[in-house]
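*Asks:* Structure in structure tokens, see below.
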Amino acid sequence: MILDFRFVDTVLNAGSRVVIKMTAEHSIFPEADKNGMRSSVRFPLHLPVRILSENREFSGTTENISANGILFRLSEDLPAGAPVEFLLEIPAEVLCGDNTAAVHCTGRITRSYEEKPYYFAAAIIDEYRFQ
């Protein structure tokens, strides 16, 4: 994974884990730049995911992932403003490598909407660490 360190606020080495915190000005979920273009490439990765939010568990699938955030497809509503915690397991074939990567993420839902029969929730990833 390539990380643009201009946007990193803090990198902490916690034993075998590295915790990266993004700067506040770059942890927002930009929809488009001033020319109407998306500011981050979205990768269409459909991975199973379990999300923890305010003592509830949600099951779903990722729709896409970008450097700024992630879009979930869910069977129930996860409202904007809700804090989230989730673990992504990215298969080795997606990474063009030999090992699966597990990434623990925390963030918050920035918008949600319904397209029957599913609910969608976009989240900012405020912090992540490889496990």
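*Asks:* Which condition breaks for TYR118 when tested against (1) surrounded by 15 or more Cβ atoms within 10 Å (Cβ to Cβ); (2) in contact (Cβ under 8 Å) with a residue 60 or more places away in the chain; (3) not β-branched (Val, Ile, Thr)?
*Replies:* Condition (2) is where TYR118 drops out.
*Asks:* Of all residues being over 10 Å from the mean Cα position of the chain (by Cα) and surrounded by 15 or more Cβ atoms within 10 Å (Cβ to Cβ) in region 121-131, which is farthest from GLY60 (Cα to Cα)? Just the residue, please.
*Replies:* So the residue we want is ARG129.
*Asks:* Only strands (runs of 3 or more DSSP E) wholly contained in region 1-89 count here; list those with 2 or more residues that are modelled with pLDDT under 70, surrounded by 12 or more Cβ atoms within 10 Å (Cβ to Cβ) and in contact with a Ser or Thr (Cβ under 8 Å, 6 or more places away or on another chain). So that I can check it myself, show each step before the final result.
*Replies:* Numbers: elements: 8-14, 17-22, 48-53, 56-65, 69-74.
Counting at least 2 such residues, we get 8-14, 17-22.
*Asks:* In region 103-114, is there at least one residue being modelled with pLDDT of 95 or more, loosely packed, with under 12 Cβ neighbours inside 10 Å and either out of contact with any Lys or Arg (no Cβ under 6 Å at 6 or more places or on another chain) or small (Gly, Ala, Ser) (or both)?
*Replies:* Yes, there is a match, as at least one residue in region 103-114 is modelled with pLDDT of 95 or more, loosely packed, with under 12 Cβ neighbours inside 10 Å and either out of contact with any Lys or Arg (no Cβ under 6 Å at 6 or more places or on another chain) or small (Gly, Ala, Ser) (or both).
The values are calculated or read from the model by the stated rules, or taken from the named source; none is laboratory data. Because the structure is predicted, anything quoted here is derived from the model rather than measured. Because the Cβ atoms are built from the backbone with ideal geometry, glycine has one as well, and the counts that use them run over all protein chains shown.
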